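Q: After the structure tokens below, expect a handful of questions from me.
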């Protein structure tokens with residue numbers, strides 16, 4: 001990750017009924033890694049450079065945290081939503097993924113980020 005890449009990890013348990021509960025990491029990416037011509041969605045698609053970043057982030061977290069605390073979902077976001085106190089708005093993060101179906105979550109599952117394992 002480049003020095004100017006801001007990586008803020010917010011671990012949240014998505015509460016969507018279409019998926020089982022698991023930990024998710026939301027992180028911002030360098031603006032040069034984002035295609036500004038894309039829509040204004042807060043959650044970004046998984047580009048090749050973002051996939052590489054997720055692999056590194058997952059490797060670091062796997063080496064640093066107990067297995068139960070390592071996120072299974074990784075969401076690159078344009079920016080982290082902030083509440084009125086200036087803290088990360090965790091409810092807004094949950095709301096962003098509550099509408100996702102299991103199929104739409106597939107690109108964000110760590111097993112789909114360059115490993116041979118299956119998420120099913």
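Q: In 10 Å bins starting at 0, how do the alpha-carbon pair distances of region 43-83 split up by percent?
A: Result, from short to long distances: 27, 45, 27, 0 percent.
Q: Fewest to most neighbouring Cβ within 10 Å: what's the order for 105, 23?
A: 23, 105
Any read-out appearing in this document is the output of simple, stated calculations on the displayed coordinates, not a laboratory observation. All of these numbers come straight from a predicted model, not from anything done at the bench. Note that we place each Cβ from the backbone using ideal geometry, even for glycine, and neighbour counts take in every protein chain shown.
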